[in-house]
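Working notes, beginning with the structure itself.
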Amino acid sequence: MSLIRRRVPADHAGGRETDAAGRAGRRGARVAEAQAIERDRKPWLLLSPALTAITFLLVVPTCFIVVYSFWLRTATGAEQVGFYLDNWKEVLSDPFYRDILLETLKIAAISTVACALMGYVPAYFIAYANVRHRGFLLLLLMLPFWISYIIRTMSWINILGTSGAINAVLLWLGVIDKPIEMLYNETSVVLGLVQFLLPFMILNIYVSLEGIDRNLTEAAKSLGCTGWQAFREVTLPLSLPGLAAGSLLCFVLGAGTYITPMILGGPEDAMFANLVYEAIVTQLNWPLGSALSLVLLIVLGGLVTIYTRYLGIDQIAKSFR
Amino acid sequence: MRASPGWIGISSFTILVYIFMFAPVVVVMLLAFNTSEFGSFPMQGVSFRWFVELWNNDAIVRAFRISMVLGALTSVISTTFGILASLAMVRFDFPGKRIMSTVLISPILIPEVVLAVALLLFLKFLGVPKSFPLLLLGHVIFTMPFVVLVVQARLVAIQREYEEAALSLGANSLQTFFAVTLPLMLPAVLAGMLFSFTISFDDITGTLFWKPGGVETVPTQIFAMLRNSISPEINALGTVMVVITVVLPLTGAAIGRRLAARMRTR
């Protein structure tokens, strides 16, 4: 962000002319002014297609579902326009929704912690590995991003299923005599989520580790720290922004998914986004679906806002460099 | 530090994590070549029959075509918008810039499910049914932030002096853009296009909301097939997808790097 190049030469030229000769100089100043206006307009011109898209495909639609959530779906299936609090009353007071929301946050939290625990060491390994190997290691880290989410998720069926790899091995070894069902429970959902989210975590931690000045650890060691102490006192604290960015990303992505529980979870493992999907796609109760998705937006959006308020958005953007 | 017990521990743990990330996908690719009727262990022999069956399955071929067209259109539109926006962000300083950098990536800051619902209901209200255009609009808005992030990172690295030289030699700004800026930006453009194509090609979260009945993309087709049972055909389809989404960007990146290298030596 700091590398913005400003265009100043035109101003300089105009300025010098004004000093040189009276009238011609004033004309020069006017030209410079016109150029300045042109320059002020240009970025907005360049931004306008993207901003138009965001306004009409994101901002206005989001405001629209706020309005929509106060409408009512009548018994006939038609919508009643107006200001009814029924959807919100249902969503906010029914313990069914509250329990699933809490369950969703719990699963997302468990997955995030698991990602942090599993992700820190590989990130450290890549950051401190031999420079010659680092390119390859980074490539391996990027690969999962290119492999389809649904393929990675469904691949667990081949591992955990009754005729999957683990059962096949256990049967062959004679440890068990009939396959055990390891799928369609909370653990398999968490496993699928961790595998989906782990690359985001590793990448973010790696980026912050990569930015740490190596002289700092050397300095700490020369002052008598052991390697472990130097890590604990210097490297770990300095990598916390990356850990925080990775955790936020994992938590928000994890809490907003409905595909993983649909593929790897049982009927009891529905997450909050599944309720949204049910309401919108299956039951066609759009006002209720709007209210439900707004709850998800408020909870997760609140988290993002708190995070950016204190840590800024730049840390997450950094991982794209 | 290297070869110390601590470092050996770190590298072994890393290998285990990488196995955790890749083993399931490797198993999918293995089972795709299984002769058995059921997509499961034990493997009974190696064959390409499931790939042939894929080829003969009209629904899958159709889904494939839709995914390709959708991905291509998405990548063209969102890369165009994204590059223009990135140019504004990297080359200019203007009031409100900090806010703009957040606004531009806002589509990925809100949960995709919410974005999907909002867009679907709003366009329905305007009279646009679930349709291919809706799918396209959704994919564009969802992939654009990624393009902005990737392209911005590349643009920062391009020296401004080349453009200034062209301008001072009498080229107008349009000529400068096509003769100097665009060729220099080509790796960034390519990266943006590949990135948005892959994201669009893989997307299922929004797609399931936006797609009209009867239209399937490859991911939603896999999703629908999973509802019945896991067959070797799904594994074969998964293998094809992995090959497309992995090999394509890798060659793209290699070409991009070669182009960039040639620019530097010139």
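Just so you know, all these numbers are worked out from the coordinates, no wet-lab data involved. Values in this document were obtained by computation on a predicted structure and should not be read as measured data. Reconstructed Cβ throughout: ideal geometry from the backbone, glycine too, with neighbour counts over all protein chains shown.
Computed 3J(HN,Hα) for segment B:185-194, one whole-Hz value per residue from the Karplus formula 6.51 cos²θ - 1.76 cosθ + 1.60 where θ = phi - 60°, is 7, 3, x, 5, 4, 4, 4, x, 5, 4, glycine and proline marked x.
Across B:S11, B:S196, B:S101, mean-square fluctuation computed from a Gaussian network of chain B (C-alpha pairs under 10 Å connected) peaks at B:S11. Treating the Cα atoms of the protein assembly as shown as identical point scatterers in vacuum, please give the log10 of the normalised Debye intensity I(q)/I(0) at q = 0.08, 0.09, 0.11 Å⁻¹, two decimals. Cα-only, vacuum Debye calculation for the protein assembly as shown: -0.63, -0.79, -1.14. For chain B, the relative contact order is 31 percent, taking Cα pairs closer than 8 Å that sit 6 or more residues apart in sequence and dividing their mean separation by the residue count. As a length-normalised measure over Cα pairs under 8 Å and 6 or more apart, the relative contact order of segment A:86-318 settles at 27 percent.
Arranged from fewest to most other beta-carbon atoms within 10 Å of their beta carbon, A:S188, A:S155 become A:S188, A:S155.
In µm²/s, what is D for chain A at 10 °C and 1.306 mPa s, where D = kT/(6 pi eta Rh) by Stokes-Einstein and Rh is the Kirkwood radius from Cα pairs?
On the way: Rh = 24.4 Å.
So the translational diffusion coefficient is about 65 µm²/s.
Summarising the amide proton neighbourhood of A:R73: residues at separation of 5 or more, or on other chains, whose placed amide H is nearer than 5 Å comprise A:Q80.
Computed from backbone phi, the HN-Hα couplings of segment B:71-88 come to x, 5, 5, 4, 5, 5, 5, 6, 6, 4, 4, x, 5, 4, 5, 5, 4, 4 Hz, rounded to whole numbers (Karplus: 6.51 cos²θ - 1.76 cosθ + 1.60, θ = phi - 60°; Gly and Pro given as x). Measuring nothing but how far apart in sequence close Cα pairs (under 8 Å, 6+ apart) lie, relative to its length, segment B:106-263 scores a relative contact order of 30 percent. Compactness of segment A:96-238 is given as radius of gyration and Dmax, 20.0, 60 Å, from Cα positions.
By the count of other C-beta atoms within 10 Å, a proxy for reagent exposure, A:F83, A:F196 are ordered fewest to most as A:F83, A:F196. So what is log10(I(q)/I(0)) for chain B at q = 0.14, 0.15, 0.16, 0.17 1/Å, when the Debye sum runs over its Cα atoms only? Taking Cα atoms of chain B as identical point scatterers yields -1.10, -1.17, -1.22, -1.28.
For a quick check: sort B:H139, A:H133 by the number of other beta carbons within 10 angstrom, fewest at the front.
Numbers: B:H139 27, A:H133 11.
Lowest to highest Cβ neighbour count: A:H133, B:H139.
Note on segment B:157-256: Rg/Rh from Cα positions, Kirkwood definition for Rh, rounded to two decimals, is 1.24.
In order along segment B:201-215, phi translates into HN-Hα couplings of 4, 8, 5, 10, 4, x, 4, 4, 7, 8, 6, x, x, x, 9 Hz, rounded to whole numbers, per the Karplus curve 6.51 cos²θ - 1.76 cosθ + 1.60 with θ = phi - 60° and x for Gly and Pro.
Counting only whole DSSP H helices of chain A, the ones at least 18 Å long by C-alpha along their axis and with mean Kyte-Doolittle hydropathy no lower than 1.6 are A:236-255. Look at the dipole of the protein assembly as shown built from charges on Cβ: of A:A220, A:I180, B:V113, the Cα furthest out on the positive end belongs to A:A220.
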